[in-house]
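Notes follow once the structure below has been shown.
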Amino acid sequence: MQIIDAGMIAFAAFHALKGKVPHPLTFQVPRMLRAMIAEANDAYVLCWNAERLRKVELWPAYRDRPEIWEEAGRADFDAMLRVLSALGAVQFRSDWWEADEAIAALTHSLEGTRRILIRSDDKDFFQLLSGSTRMLGRRRGLVRHSDVKEIMGVTPAYAADFQALTGDPVDGIPRILPPAASKQLLATRGHVRDWIDRDLRIEAGLKWRLNESREQLRLNLELVDLSADAVGPPREPRLENWGDIDVARSIGADLDITYLRSADLADEFAVLRECGERTRDVLGV
């Protein structure tokens, strides 16, 4: 099963074709996805950020950057979602949920039942990796459970703790401690939740810093934690106009996208429908 961080594909399509075609997402994302799924020939899901995110409500500085629909325009984004569904893609986009949370919930629900490939470069997913769950991205290539310690300095079991302590400037999460001190603290004291409210016998300067930043550390952990307890079960997928090829053709006509108007569109994108049907069987939706 491939669980895809769909924003990764959409941003790549947008930046490649911005200013070159009127509707870069609707024009290019289905074609990029077709190539990806044809190569793997496996069940797949697409996960998207919601319009509003719970984590931004918790910490307004979180992910303080434009979403893909703000960059490309809402009309192009919405048309792309409808075309993908019409071509057979099973998509998850739930109120208040980040794509990360949808990906984590699906991964936990399928863990141990089949091999999972998370398609993303986001290090937030390191905590999800196991003997049966791997990552594949454009920058790092294939990342296995055994690779995480070399990349991050901790095992997947401590990846969320490490991120909570060291912060993440990309996502607007403040640093509490530098990486070396964080690794040492995790190695000697264990998971953050095991000691965050305790009076630790540690070096005075480190103790002061933790005491001063205790509530921020608690919030950081909530922002990065993708454990099963944190995200809960998967929500319902978006299946509106799923498999209705005429919807894709209609959008192609409206937006003047030639390949979407093709009489052979169903055959040309059959792999998305066939692998999407496998996804629906796997998920029981």
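The values are calculated or read from the model by the stated rules, or taken from the named source; none is laboratory data. In this text, all values refer to a predicted model and were calculated from it rather than measured experimentally. Virtual Cβ from ideal backbone geometry, glycine too; neighbours counted across all protein chains shown.
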Candidate set: region 229-262, residues that are outside any loop (DSSP other than H, G, I, E, B) and among the hydroxyl-bearing types (Ser, Thr, Tyr); chosen: the one farthest from residue 281 (Cα to Cα): 258
Candidates 78, 64, 5, filtered to the one that is among the acidic types (Asp, Glu) and free of Cβ contacts under 8 Å to residues at least 24 places away in the same chain: 78
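Per-residue answers, yes or no, for (1) assigned to a helix (DSSP H, G or I); (2) surrounded by fewer than 17 Cβ atoms within 10 Å (Cβ to Cβ); (3) β-branched (Val, Ile, Thr):
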position: 4; (1), (2), (3): no, no, yes
position: 10; (1), (2), (3): yes, no, no
position: 37; (1), (2), (3): yes, no, yes
position: 46; (1), (2), (3): no, no, no
Residues within region 71-96 that are farther than 19 Å from residue 31 by Cα and touching a helix residue (DSSP H, G or I) at 6+ places or on another chain (Cβ under 7 Å), tallied: 4
Test result for residue 226, without any contact (Cβ under 8 Å) to a residue 40 or more places away in the chain, of a type in the set (A, V, I, L, M, F, W, C), under 20 Å from residue 59 (Cβ atoms) and not in a helix (DSSP H, G or I): no
Of the criteria (1) at pLDDT 95 or above; (2) within 25 Å of residue 170 (Cα to Cα), which one residue 64 fails: (1)
Count of region 35-66 residues which are under 30 Å from residue 114 (Cα atoms) and more than 19 Å from the chain's Cα centre (by Cα): 4
From 200, 255, 223, residue being modelled with pLDDT of 95 or more and either within 22 Å of the chain's Cα centre (by Cα) or not assigned by TED's automatic domain parsing to the domain that holds residue 22 (or both): 223
Given (1) without any contact (Cβ under 8 Å) to a residue 40 or more places away in the chain; (2) in a helix (DSSP H, G or I); (3) not β-branched (Val, Ile, Thr), index of the condition residue 20 fails: (2)
Qualifying residue in region 259-280 (condition: at pLDDT 95 or above and closer than 30 Å to residue 160 by Cβ): yes
